[in-house]
């Protein structure tokens, strides 16, 4: 389209819409909130009861790389003793999602595409509350493992291990944080336990060739005569949705959405049971990993969504497109664009109750998995 004609159409559209936009701004509140939700509470027993009828094999899967890809359920009975020297809770504090329709052209149809983005930030939870959740979740995990019939290595016996690993810098005032794939997470370890990552932890800070922490897990599995696990648990407060990245030949609109929903959205762990450890390698035993195959969701409500800002060019684009068609021009208004920013407003108590409920469900299911494949 000639630039002068596009400019004229945009000016005309803006003039026609000025009064309507001004009136809408006067009547639309600056922020919109979802209906209020109660905090509620849920004891550990409720999380255990919620897993009573579920099959743990539907929630956890694993392979043993050190035993030619053997399924982890084949080696779980060998783990009579279990140690958890590394436990990490990654709390998602920011979510962002986008959707895009790629521009396309066919005779008689011109599409400049579309793009939608939505940002949702957590508000009302401080680092002290997240640390307290981590401490309680770790204690409850160890309790669940004991109830599964396994002997659990006490934390007091792990001091030597803590002194040999390379911890990630993290303090109560400034916890470790990382951003990736449109999410930001604050990651905590239990009080008194260093925050430890290995080279295969996606949310960690270890390089591909930084193998010390990984090797120490195998070494101390042998020293403790125990299977070692190191769970990294992703706790997300929202469920995000997107229409994805599509072509203008098949789609016309890009759509994004979000709702508050507490869940364990990811669960990954290294697994090793070392019978012989030499040259920094598990020479004999079982070594591999397991991860979550289905999420653990809490039904507890814990906050509200508040709209902070929104931009949408659909109104102007619609008017320009109309005048463009009169001038024989397809898609004169250009690509559709929308952006929305929300806050999830909650409190320490409400968030903690829901987060612990979700994490305890994952711990209870892990313990049920061990009970399903008991040590003789």
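The values are calculated or read from the model by the stated rules, or taken from the named source; none is laboratory data. Everything numeric in this text was worked out from a predicted model, so none of it was measured. Note that each Cβ is placed from the backbone with ideal geometry, even for glycine, and that neighbours are counted across all protein chains shown.
Summary table
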read-out	value
Close pairs from the stretch 235-260: first part of a strand (DSSP E or B), partner modelled with pLDDT under 90 and surrounded by fewer than 13 Cβ atoms within 10 Å (Cβ to Cβ), Cβ under 7 Å, at least 6 apart	none
Positions within the stretch 57-80 being surrounded by 16 or more Cβ atoms within 10 Å (Cβ to Cβ) and more than 23 Å from the chain's Cα centre (by Cα), in sequence order	64, 66, 72, 73, 75, 76, 79
Total residues in the stretch 64-117, condition within 30 Å of residue 337 (Cα to Cα), modelled with pLDDT under 80 and touching a strand residue (DSSP E or B) at 6+ places or on another chain (Cβ under 9 Å)	7
